[in-house]
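A.B. asks: Let me give you the structure first, and then I'll get to my questions.
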Amino acid sequence: MAVENGLARTPQMGFNNWNSTGCGPQFNEAMIKGIADLFVSKGLKAAGYQYINLDDCWSLPNRDATGNLVPDPVRFPGGIKALADYIHTKGLKFGIYSSAGTATCALTGDSGSLGHEQQDADLWASWGIDYLKYDNCTNQGIDAQTRYKAMGDALKATGRPILYSICEWGENTPWTWAPGIGNSWRTTGDIADNWKSMLANAHANQALAGYAEPGAWNDPDMLEVGNGGMTDTEYRTHISLWAEMAAPLIIGSDLRTATQSTLDLLTNPDVIAVDQDPLGKQGTVVSNSSDLVVMTKPLADGSRAVTLTNERSGTATISTTAQALGIGGASSYALKDLWSKQTSTSTTGTIKVSVPSHGTVMLKVTPGAPVLPPAGQNHLSDLQFASATNGWGPVERDTSNGEAAAGDGEAISIRGVQYPKGLGTNAPSDISFHLGGTCKNLTTDVGVDDETGGAGSVTFRIWKDDTLAADSGLLTGTDPGRHLSIDLTGATTLRLVVTDGGDGNAADHADWAAPVLTC
């Protein structure tokens, strides 16, 4: 469950100096004021970028006589509060950096916040700080959850809304505990300005879609767009994948020297809208065939954002279908290329595009009028979904959900009872079907698949339009299957929803076994 501080209901957007300056002398008050000015004059603020964040080396190595952190007077002669005030006059917000250790990561050995959590949080709040990036250096081997929770509690106690960005590098699976503490958590080590590093971070982050939600985001590190180590094609892939993964968009290049091409990449309104979509879903990988990767991201208006990425050397054709994307069952689909702005229509649901080496085509796919189930008895696994989301990998037809990859499941089995037909999911999952008032009832068995070895805990719910029609109650991997039957007379939409049992979604392989829809 996301931390309840009211912040980052969509992924945070802003700037951080580290990727372009490190601790170099160009990192100073004049630079930060200049970036704030450019946010306004170059349209970045209007595009949604909000936070101007300092990274390491903003302070002196030693605290003062009262134990407070001291801003570097050479870099920031006006002090941090005056800088925060300047940024706030621009209608922007201001962020700062520390580490959950005795010192920060800089070679200068600047003081960290371990053991000074409340003192530092109170100081930052008095300065008007809106954002904290909290690193992981010199942590003395102390438990990560303990260290990061201490700062989260301290920030909350200040009474000031401060977005909490946990930079634990993914070392202690923060996605399993950080959602209740901070607004985002790093899932990877530091990114570098090259294709290999960017792609490695994307791959690590792609597997964690089930943990992201409004107020709590997986963070594969800051953007390198514009720093010069990749081509514009590769940078387009970079920001496309970050938007598809609902990742924080934190600019890491020096905007004072940014080209128009860089600014165009960073401010594409259609791509930013995907990242900032209020539904708050991270995109998932639906296929990866020899480094040709397709991702789908549900959007609040019922459409899907789709990325088709060519990780190979050489141009390639990448194909997918509306059914694979989780929006099958429509008579046609409107397609918009979010980079070229070209539009087209597919009447078959098939999508096929040519993608350059290291490139990404990013589409918005919107379904048209639905196709309804035929009269008689229908196995749900034989019907097209109106939409489908799943905690790990795709919803599987007639097999269990093995987790990440399509087709990695086994025959559906609940406490030794095997089912030749059904849907294999992993919580949290939500599958819908268009009924159009033509169907009568649904029967199904539900349970946790035997492949978990007794692990897992889930709840199955069936929705008839906006009415909850059936609830399985909590089922674990040791419970027998439960039979559910509901009347669907007059229903326009059927939804099958699985939630985890409150202990995370590991091993939550949830089966809709032999579901039969009579129309």
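A.B. asks: Excluding ALA216 itself, what net charge comes from residues whose Cβ is under 12 Å from its Cβ, given Lys and Arg +1 and Asp and Glu -1?
C.D. replies: Net local charge, ALA216 excluded: -2.
A.B. asks: Sticking with this structure for a sec: When the expected Rg is taken as 2.2 N^0.38 Å, what fraction or multiple of it is the alpha-carbon Rg of region 60-152?
C.D. replies: Compared with the compact-globule rule of thumb, region 60-152 sits at 1.09.
A.B. asks: What does the charge dipole of region 367-517 about its Cα centre add up to, to the nearest 20 debye, if the Cβ of each Lys and Arg holds +1 and the Cβ of each Asp and Glu holds -1?
C.D. replies: 560
A.B. asks: Which value, in debye to the nearest 20, describes the size of the charge dipole of the chain about its Cα centre when Lys and Arg Cβ atoms bear +1, Asp and Glu Cβ atoms bear -1, and nothing else is charged?
C.D. replies: 1240
A.B. asks: Can you give the direction-averaged projected area of the convex hull of the alpha-carbon atoms in region 423-519, in nm²?
C.D. replies: 5.4
A.B. asks: Over all directions, what mean area does the Cα convex hull of region 172-217 project, stated in square nanometres?
C.D. replies: Its average projected convex-hull area is 3.4 nm².
A.B. asks: If you take the Cα atoms of the chain, find Rg, then find the Kirkwood Rh from the mean of 1/r over all pairs, what is Rg/Rh?
C.D. replies: My calculation puts Rg/Rh at 1.01.
A.B. asks: Just to be sure I understand the curve: with the Debye formula and one point per C-alpha of region 208-353, what is log10 I(q)/I(0) at q = 0.21 Å⁻¹?
C.D. replies: Debye curve over Cα of region 208-353, log10 I(q)/I(0) at q = 0.21 Å⁻¹: -1.47.
A.B. asks: Please report the orientation-averaged projected area of region 1-136, defined via the convex hull of its C-alpha atoms, in nm².
C.D. replies: Its average projected convex-hull area is 8.8 nm².
A.B. asks: Using mean Cβ contacts within 10 Å as the protection proxy, how do 265-275, 209-219 order, highest first?
C.D. replies: 209-219, 265-275
A.B. asks: On to the next question. Averaged per residue, what accessible surface does region 1-129 expose to a 1.4 Å probe, in Å²?
C.D. replies: Per-residue value: 38 Å².
A.B. asks: For the peptides 346-354, 237-245, what is the packing order when you average, over each peptide's residues, the other Cβ atoms within 10 Å and list the highest mean first?
C.D. replies: 237-245, 346-354
A.B. asks: What size of dipole, in debye to the nearest 20, comes out for region 1-66 about its Cα centre when the only charges are +1 on Lys and Arg C-beta atoms and -1 on Asp and Glu C-beta atoms?
C.D. replies: The calculation lands at about 240 debye.
A.B. asks: Next up: How high is the relative contact order of region 255-311, in percent, counting Cα pairs under 8 Å that sit 6 or more residues apart?
C.D. replies: Normalised by residue count, the contact order of region 255-311 is 24 percent.
A.B. asks: Can you tell me the relative contact order of region 339-470? Whole percent, Cα pairs under 8 Å, sequence separation 6 or more.
C.D. replies: Once normalised by length, the contact order is 20 percent.
A.B. asks: Continuing with this model, one more query. Assuming 1.306 mPa s and 10 °C, estimate D for region 266-340 with Stokes-Einstein, Rh taken as the Kirkwood radius over Cα pairs, in µm²/s.
C.D. replies: 118
A.B. asks: Using the Kirkwood formula on the Cα atoms of region 280-430, what hydrodynamic radius do you get, in angstrom to one decimal?
C.D. replies: 16.3
A.B. asks: Normalising by the residue count of the chain, find the relative contact order in percent from Cα pairs under 8 Å and 6+ residues apart.
C.D. replies: 10
A.B. asks: Using the structure shown, list the pairs from LYS81/LYS196; LYS149/LYS364; LYS93/LYS196; LYS45/LYS133; LYS156/LYS196; LYS341/LYS464 with a Cα-Cα distance above 29 Å, or answer none.
C.D. replies: Violating the 29 Å limit, Cα to Cα: LYS81/LYS196; LYS149/LYS364; LYS93/LYS196; LYS156/LYS196; LYS341/LYS464.
A.B. asks: As an exercise, find the ratio Rg/Rh for region 300-362 from alpha-carbon atoms, using the Kirkwood inverse-distance average for Rh.
C.D. replies: Rounded to two decimals, Rg/Rh equals 0.97.
A.B. asks: Roll a 1.4 angstrom probe over the protein heavy atoms and tell me the percent of accessible area of region 136-266 that is carbon or sulfur.
C.D. replies: 49
A.B. asks: Same structure again: Let me check I've understood the local charge: for ARG160, count other residues with C-beta under 11 angstrom from its C-beta, Lys and Arg +1, Asp and Glu -1. What total comes out?
C.D. replies: For residues surrounding ARG160, the net value is -1.
A.B. asks: Does region 361-461 come out rounded, prolate or oblate, given a ≥ b ≥ c as the square roots of the eigenvalues of its C-alpha gyration tensor, rounded meaning a/c under 1.5 and, failing that, prolate meaning a/b above b/c?
C.D. replies: Oblate, because a/c is 1.5 or more while a/b does not exceed b/c.
A.B. asks: Quote the accessible area belonging to SER113 in square angstrom, nearest 10, computed with a 1.4 Å probe and with ligands, DNA and RNA left uncounted.
C.D. replies: 0
A.B. asks: I'd like the Kirkwood hydrodynamic radius of region 336-385, using the inverse of the mean 1/r over distinct C-alpha pairs, in Å.
C.D. replies: 13.9
A.B. asks: So who's got an amide H within less than 5 Å of the one on PHE15, skipping anything under 5 residues away but keeping other chains? H placed 1.01 Å off N, in plane.
C.D. replies: Amide H neighbours of PHE15: TYR51, ILE52, ASN53, ILE251.
A.B. asks: With both bridge residues required to lie in the chain, what share of the DSSP beta bridges run antiparallel, to the nearest 5%?
C.D. replies: Antiparallel bridges make up about 80 percent of those DSSP assigns within the chain.
The values are calculated or read from the model by the stated rules, or taken from the named source; none is laboratory data. Computed from a prediction, not measured in an experiment: that's the story for all the values here. A quick note on method: Cβ atoms are made from the backbone with ideal geometry, for glycine too, and the neighbour counts reach across all protein chains shown. The area values use the complete protein model at the heavy-atom level, side chains included, leaving out ligands, DNA and RNA. Shrake-Rupley method; radii C 1.70, N 1.55, O 1.52, S 1.80 Å.
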